[in-house]
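> To start, I am sharing the structure in question, which I have written as structure tokens.
The values are calculated or read from the model by the stated rules, or taken from the named source; none is laboratory data. Computed from a predicted structure; not experimentally measured. Glycine also receives a Cβ, built like all others from the backbone with ideal geometry; neighbour counts cover every protein chain displayed. Surface areas here come from the heavy atoms of the whole protein model, side chains and all, with no ligands, DNA or RNA. Shrake-Rupley method; radii C 1.70, N 1.55, O 1.52, S 1.80 Å.
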Amino acid sequence: FEECEKWRDKVIVELSKTKPDLVIISSAHSYPFSATEWKEGTSRVLREISSHADSVVILRATPILPFDALDCLGNQAWQKETFPLALATDCSTISGNYFTGEDVYDALKAASRPYENVKVVDLNSLVCPGGVCAATYSESIVFRDKQHLTDKFVKIIAPKVLELVDIDGVRKQKD
């Protein structure tokens, strides 16, 4: 996508000027690229970014559910209201029933290997604990559609995300 390339190029120029301690990059496995294209594209970006930042973290894309979480929760609420004694729709799915983009994850890891300051972080154990992806967690909505997390859920898992990213380790390297 041309607009993405322009934006990315501007960000790389800005990174070259600011030399940040940490850059966090997210990924999405819903684009129609081959594993080779993912690896080569990621490698090109990392070649540029890794030289401008002390540490780079790539966040693995979250799973894609086989249903829209908010639609499912709406149906579930309607079913409970309309048929209080019946079992409502289960708004969760087990591993194997949702798309995780293993090929993209493998490509990201392969592209990051040559760089000591690049780390790929997998948040799926936080998003889908025990291999179960659910629309809700502890009475909070997890997904706002098939793949995007809600702000509230991200705030809930933020402390664990920081542990995985190891922000303190990044700061210690700088000192």
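> Can you work out the PRE-style zone for GLU2? Point 7 Å along Cα to Cβ, and I want the residues of the stretch 22-45 with backbone N under 20 Å.
Zone members listed by number: 32.
> Which pairs, out of LYS19/LYS146; LYS17/LYS39; LYS6/LYS146, put more than 32 Å between their alpha-carbon atoms?
LYS19/LYS146
> Same structure, new question: Hey, what does the equivalent ellipsoid look like for the chain, semi-axes from the Cα gyration tensor as sqrt of 5 times each eigenvalue, largest first, whole Å?
35, 18, 14
> Which one, GLU81, GLU48, GLU40, has the greatest fluctuation when you compute a Gaussian network model over the chain with C-alpha springs under 10 angstrom?
Comparing GLU81, GLU48, GLU40 in a Gaussian network model of the chain, the most mobile one is GLU81.
> Within the set of other residues whose C-beta is less than 15 Å from the C-beta of PRO63, count the net charge using Lys and Arg as +1 and Asp and Glu as -1.
With Lys, Arg at +1 and Asp, Glu at -1, the neighbours total -2.
> Then there's this: Add -39500 (n - 2.57) for each DSSP H run of 4 or more in the chain, then divide by its residues: what number comes out at 222 nm, to the nearest 500 deg cm²/dmol?
-15000 deg cm²/dmol
> If each of ARG144 and LEU85 carries a label point 7 Å out from its Cα toward its Cβ, how far apart are those two points in nm?
A separation of 4.0 nm, rounded to one decimal place.
> Right, another one. For LYS17 and ILE94, compute 0.36 nm times the residue count separating them, minus their Cα-Cα distance, and round to one decimal in nm. Could the numbers behind the result be given before it?
Values: separation 77, 0.36 × 77 = 27.72 nm, distance 4.50 nm.
Here the segment from LYS17 to ILE94 would lengthen by 23.2 nm.
> For the stretch 46-105, state the semi-axes of the equivalent ellipsoid (square roots of 5 times the eigenvalues of the alpha-carbon gyration tensor), sorted largest first and rounded to whole angstrom.
Working: eigenvalues 332, 33, 11 Å².
Largest first, the stretch 46-105 gives 41, 13, 7 Å.
> Under the Cβ-under-4.7 Å rule, which cysteines of the chain stay unpaired?
So far as the 4.7 Å Cβ criterion goes, CYS4 stand without a partner in the chain.
> Related question: Between ASP54 and GLU37, what length comes free when the chain is fully extended (0.36 nm per residue of separation minus the Cα-Cα distance, one decimal in nm)?
Additional length available on full extension: 3.5 nm.
> Nearest-5 percent of antiparallel DSSP beta bridges in the chain? Kindly include the intermediate steps, with their values, before the conclusion.
Working: 7 of 16 bridges.
For the chain, the DSSP antiparallel bridge percentage is about 45.
> So what is the relative contact order for the stretch 1-160, in percent, with contacts set as C-alpha pairs under 8 Å and at least six apart?
Relative CO of the stretch 1-160 lands at 27 percent.
> Using r as the Cβ-Cβ distance of LYS10 and ASP71, and R0 as 35 Å, what FRET efficiency do you calculate, to the nearest 0.05?
Values: r = 36 Å, r/R0 = 1.04.
It comes out at approximately 0.45.
> For the stretch 82-136, what are the per-bin percents of Cα-Cα distances with bins 10 Å wide, up to the bin holding the maximum?
For the stretch 82-136, the pair-distance distribution reads 19, 33, 26, 12, 6, 3.
> Over the chain, average the accessible area per residue using a 1.4 Å probe and give it in Å², no decimals.
62
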